[in-house]
Each structure stands twice: as C-alpha cells, then as structure tokens.
C-alpha cells in the first residue's frame, strides 16, 4: 500500500513521517536518494539504515532539527520529500506548482511516470507499505489518479505558528510579494485583506497558510471515504503515543516490539507551538487572527481575543 504524509510545511509533518518510516514494514525515499538523484537509486536498504543510524545516536530528535545527509562526520539515511529526484525522474510539475495538482493534471504520460517512480521503489524495498512525505500543496488529486488506493495522513498545525515559522525561514519567498511566491496569485478576497493590512508580511504568511488549508480541505473532500486522516500537531505533542497508535491503525500497521524500541528514542517538545506569542507583537497577532480566524476555529484553535469583529471568510 502507498501512503502520503501531507502538511503545509513547518507543521510537524516531518516528525510524523519519520515516525511512520521507523516502522519495519515501511519503505520510503531517503535524503541520499534525493541528493544523488542522477543515479535514480531505489533505496533498498533505506529502512534498515535509518533505524541503525538512530540506534547509534539516540540524541537525534526529529522535531528539533532538520537532519542532513552528513551528520557528525558520517552518512545518515532519513526520509526525504525527494524534490530533486521527483523533478528529475518524474516531472518538474512536482516541486513548486502555482496551484494544487488535481486529477485534471493526470495525463497518461504523467501517471505512467509516477507509477514507474513509486512501483520501482516499492519492488526494490520489498515492504508492505511505502510512505512518501509532501509539503505545500496536497497534490492528492493527481496522486489518487495514479494510485486510487493511496491513503493520506494530513498534519495540521495552528496557522499562527506556521505563519510565524515561515517568516523566519530563509526559503520563504513571501517577502517578494504574492506576485512572485510559489503559491500563485492570491484570490481576490485574500488580496483585499492583504492590501487592507498595509501589505503586512505577517498577514501574507497567514494568507498563504489559508490558501493551502483551502486546497487541503478541497482535497479531503475529493478523497475516497476512509482514505484520509487528519492529525493535529498539538494533539500529537500532548499524546504522542495515542496519536501514533491512531495513525498506525489507520495505515493497518501493528505496534510491534521493534517499533516500540524506535518510538521510545524520540522526545516531544510541545512548548515550541507557542513561540508565535513571543515572536509576534499584539498588533501583529490581532492582524493575523483577523484573516485566519475561520480556519483556526474550524480546526479547534482558540483566538487570543475573540470578538465579532474578526472576519470569518
């Protein structure tokens, strides 16, 4: 079975993807496969090497750093989104499209490329499940056209935390404005909200999160019944074992003693979810909440100063 772990980026989906990949029955594309994309490696030993690397260094924590292929002078294999290898071996459509990828994009040629990419790795790795991690647009409409049986684990995080994190990332291209960022033009209503804010970059980051959440909601509605699972990062950090049990159950994977040994090596830091309260001032938080109040409330997040004046569109 093929499953995809999805998220907006800076949402904790890396943590969930790595915990899924730790299961001995799960294969994946690794950072080494991606860095050596010209070789089109199939990753036969990815799972075993990933487990072994963490056994040697249990201090490595998936939510505390972005792991590199070369860690402390040695090669370390870990799950990767694989943008370079996907672009080279499948199509340039994957890395940064200006909109979500849907079933309408599924030309026979592209579906064939997608299936060749994943089928060859599924065969080489010989695992009952193959997991791939994707952030940004969900792309599930296109992927389901190639794999109707695919399942999706979508990781949701408080939009204020996501926006705050984006603003601090060197790769975030929102500072160039929505005319040049990878999400494409803002919908008219969202553009008006940005203009009304004085073109605040804090607001723009929130609108970017809202654009992706809109696409994720549409993708969820199009997914077959029983093929989509939402996981809130905050719930995961409060009860990692219980939430991970739910994820494995959704994927049809058992919590084995071998999996327990790997899971026990992880630490979880719930405190990081509140950094936006420190990093943004009160006026910026109020502006941000004004434009993303609706999706925040829909996903169970409380506003700092709930008032009728907050927009809900």
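The numbers here are math on the coordinates, done by the rules we state, and not lab data. The structure presented is a predicted model; accordingly, all values stated were derived computationally and were not measured. Please note: Cβ atoms are built from the backbone with ideal geometry, for glycine as well, and neighbour counts cover all protein chains shown.
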Starting from the alpha-carbon convex hull of the range 143-202, give the projected area averaged over all orientations, in nm².
6.0 nm²
Structure-based [θ]222 nm, the chain - -39500 (n - 2.57) summed over DSSP H runs of at least 4, per residue, nearest 500
-13500 deg cm²/dmol
Who wins for biggest fluctuation among 142, 183, 36 in a Gaussian network model of the chain, springs between alpha carbons below 10 Å?
36
Quick check: residue separation of residue 260 and residue 103 times 0.36 nm, minus the Cα distance between them. What number comes out in nm?
52.7 nm
Which residue, 174, 92, 141, tops the fluctuation ranking in a GNM of the chain built on C-alpha contacts under 10 Å?
92
Say we join alpha carbon atoms closer than 10 Å with springs in a Gaussian network model of the chain; which of 222, 243, 269 then has the biggest fluctuation?
269
Rounded to whole angstrom, the alpha-carbon centroid of the range 1-56 lies from that of the range 279-309 at a distance of 35 Å
Taking R0 as 25 Å, what's the FRET efficiency between residue 282 and residue 182 from their Cβ-Cβ distance, rounded to 0.05?
0.25
Normalise the Debye intensity by I(0) for the range 132-266, one equal point scatterer per Cα, no solvent, then take log10 at q = 0.08, 0.09, 0.20 Å⁻¹ and round to two decimals.
-0.28, -0.36, -1.21
Give me the Debye-computed log₁₀ of I(q)/I(0) at q = 0.14 Å⁻¹ for the chain, equal point scatterers on Cα only, no solvent, two decimals.
-1.12
